[in-house]
Amino acid sequence: MDKIKLGISSCLLGEKVRYDGGHKLDHFLTDTLGAYVDWVPVCPEVESGLPVPREAMHLVGDSAVPRLVTIRSGVDHTTRMRQWAGKKIKVLASEDLCGFVFKSRSPSSGMRGVKIYSPDGIPTGTGAGIFAKAFQDRFPLLPVEDEGRLHDPALRENFIERIFVYKRWQEFRSLDKTVGGLVSFHASHKLLIMAHSPKHYSALGRLVADPKQHRREELFGLYFSTLMEGLQLLATVKKNTNVLQHMAGYFKQQLSSDEKQELQNVIENYHRGLAPLIVPMTLLQHYVRKYSEKYLEQQTYLTPHPLELMLRNHV
Ligand code: SF4
């Protein structure tokens, strides 16, 4: 797989573009995830023509359509930012991005939870920064996160799983536009989807089982939007345990009663929070290899992202 292309708020890469001339370098993004990613940096405030340093800004007014206003002198930069964002988004549409990592709490780049104030400076609610909102409205299926939320192991794993699925979908769509290809794509993602949402797993299964219900492009669009919606739900311990038990069922014939008991103990330890997911996965991967279990061999759930990211190593 080629490197994954992700948009990112420039200051997270260490670029000194913040209002105070500083940056917000995030080492996980640059040093760890960066090994698999081609970053496309975006600084809405600087690229829309504002200088470094500059007066700090915040969001003011109606939470549905807040304005971007400097805090001390009250200069309104909303129109400038909206016009620039419209043009920038057209450029980004041709970049084949698989996601975007936003700077949290920024009135331009924050994807959610950015404070909105009344004209006299009282916090009245929260929303998204002006550019981040326009971006998410234009690309609703693209995985997005902010660097603050990526410190949470579950949210980090979820985001990274989704960008890898997005990339695989992009590659599949560039090579294969057949319904048979879609069926194969779905077959290899079944357990991953099940771990996120049994409900979406069933819906997607029905979709590929009866593809003639839709015109082909409509089918692909519906499949992908349902897939990305399902993957947004977190793969919890309970849902993962269900998938692990499902996998264990494939080895009923081959394993001795002692081995079956060992596998059950390992899954139970994961379920009770005594072992990370990597532990039962490693044992199951061993059996998948040993017995060349064809259905499980093709499952992206076995290795949804590089081991080096160590996303399944936490309890
Ligand atoms: S938060 Fe966004 S607008 Fe602010 S410096 Fe970083 S990239 Fe630029």
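The values are calculated or read from the model by the stated rules, or taken from the named source; none is laboratory data. None of these values were measured; they are calculated from a predicted model. Methodologically, a virtual Cβ is constructed for each residue, glycine included, from the backbone with ideal geometry; neighbour enumeration extends over all protein chains shown. Areas reflect the complete protein model, heavy atoms only, side chains present, ligands, DNA and RNA absent. Shrake-Rupley method; radii C 1.70, N 1.55, O 1.52, S 1.80 Å.
Could you tell me the relative contact order of the range 194-315? Use alpha-carbon pairs under 8 Å, at least six residues apart, and round to a whole percent. Before the final figure, lay out the partial values.
Details: 88 pairs, mean separation 28.2, N = 122.
23 percent.
For residue 291, put the label point 7 Å out on the Cα→Cβ axis and report which residues of the range 225-244 keep their amide N under 15 Å from it.
Output list for this probe position: 244.
Zone of residue 178 (label point 7 Å along Cα→Cβ, backbone N under 12 Å): which residues in the range 200-233?
Within reach of a label on residue 178, which here means backbone N under 12 Å from a point 7 Å along Cα→Cβ, the range 200-233 contributes nothing.
Go ahead and collect, in residue order, the members of the range 1-18 whose backbone nitrogen is under 13 Å from a label point 7 Å along the Cα-Cβ direction of residue 90.
Correct set: none at all.
Could you give the semi-axes, largest first, of the ellipsoid that matches the chain, computed as the square roots of 5 times the alpha carbon gyration tensor eigenvalues and rounded to whole Å? Spell out each step's value before the answer.
On the way: eigenvalues 344, 100, 58 Å².
Semi-axis lengths for the chain are 41, 22, 17 Å.
What number, in percent, do you get for the relative contact order of the range 1-144 if the mean sequence gap of Cα pairs under 8 Å and at least 6 apart is divided by its residue count?
Values: 273 pairs, mean separation 32.8, N = 144.
For the range 1-144, the relative contact order is 23 percent.
Quick check of the Kirkwood formula: for the range 74-207, what is the inverse mean of 1/r over all pairs of different Cα atoms, in Å? Before the final figure, lay out the partial values.
On the way: mean 1/r = 0.0580 Å⁻¹.
Across the range 74-207, the inverse of the average 1/r is 17.2 Å.
In debye to the nearest 20, how big a dipole does the chain give about its Cα centre with +1 on each Lys and Arg Cβ and -1 on each Asp and Glu Cβ?
Working: 41 positive and 34 negative charges, 120 e Å.
Around 580 debye, computed over the chain.
Given a 1.4 angstrom probe, I'd like the percentage of the accessible area of the range 179-315 that is carbon and sulfur, rounded to a whole number. Mind dumping the intermediate values first?
Details: 3770 of 7090 Å².
Result for the range 179-315: 53 percent of the exposed heavy-atom area is carbon or sulfur.
Students often get this wrong, so check it: of 115/199; 16/115; 3/294; 115/190; 239/290, which have C-alpha atoms separated by over 31 Å? Before the final figure, lay out each step's value.
On the way: 115/199 34 Å; 16/115 23 Å; 3/294 28 Å; 115/190 39 Å; 239/290 25 Å.
Beyond 31 Å between Cα atoms: 115/199; 115/190.
So for the range 92-163, Kirkwood radius off the Cα pairs, Stokes-Einstein at 25 °C and 0.890 mPa s: how many µm² s⁻¹?
189 µm²/s
Quick query: amide H of residue 4 versus all other amide H atoms, modeled in the peptide plane; which residues come in under 5 Å with a sequence gap of 5 or more or a different chain?
37, 38
Report the extension gain between residue 238 and residue 138 in nm, rounded to one decimal, defined as 0.36 nm multiplied by the number of residues separating them, less their alpha carbon distance. Walk me through the numbers on the way to the answer.
Details: separation 100, 0.36 × 100 = 36.00 nm, distance 3.40 nm.
Extra length available between residue 238 and residue 138 comes to 32.6 nm.
Taking the chain as the reference, fit the longest principal axis to its C-alpha atoms, fit the long axis of helix 153-175 to the helix C-alpha atoms, and give the angle between the two in degrees, 0 to 90, nearest 10.
Once rounded, the angle reads 80 degrees.
Using only Cα atoms, figure out Rg for the range 174-271 and give it as a multiple of 2.2 N^0.38 Å. It would help to have the intermediate numbers written out before the result.
Values: Rg = 16.5 Å, N = 98, 2.2 N^0.38 = 12.6 Å.
The value comes to 1.31.
Against the longest alpha carbon principal axis of the chain, how many degrees, from 0 to 90 and to the nearest 10, is the axis of helix 179-196 turned?
80 degrees
Please give the contour-minus-distance gain from residue 124 to residue 62: 0.36 nm per residue of separation, less the Cα-Cα distance, rounded to one decimal in nm.
Values: separation 62, 0.36 × 62 = 22.32 nm, distance 0.90 nm.
Result: 21.4 nm gained on full extension.
In sequence order, what are the phi-derived ³J(HN,Hα) couplings for the range 220-228 according to the Karplus relation 6.51 cos²θ - 1.76 cosθ + 1.60 with θ = phi - 60°, rounded to whole Hz, with x for glycine and proline?
Values per residue, Gly and Pro as x: 4, x, 5, 4, 5, 5, 5, 4, 5 Hz.
For the range 39-123, what % of the accessible area comes from carbon and sulfur atoms, probe 1.4 Å?
Details: 2240 of 4150 Å².
Heavy-atom surface of the range 39-123 belonging to carbon and sulfur, 1.4 Å probe: 54 percent.
Hey, got the dipole for the range 246-312? About the Cα centre, +1 on K and R Cβ, -1 on D and E Cβ, debye to the nearest 20? Walk me through the intermediate numbers first.
Details: 7 positive and 7 negative charges, 22 e Å.
Dipole of the range 246-312, to the nearest 20 debye: 100 debye.
Out of 61, 25, 42, whose Cα points farthest toward the positive end of the dipole of the range 1-138 (charges: +1 Lys, Arg; -1 Asp, Glu; placed on Cβ)?
The residue sitting farthest along the positive end of the dipole is 61.
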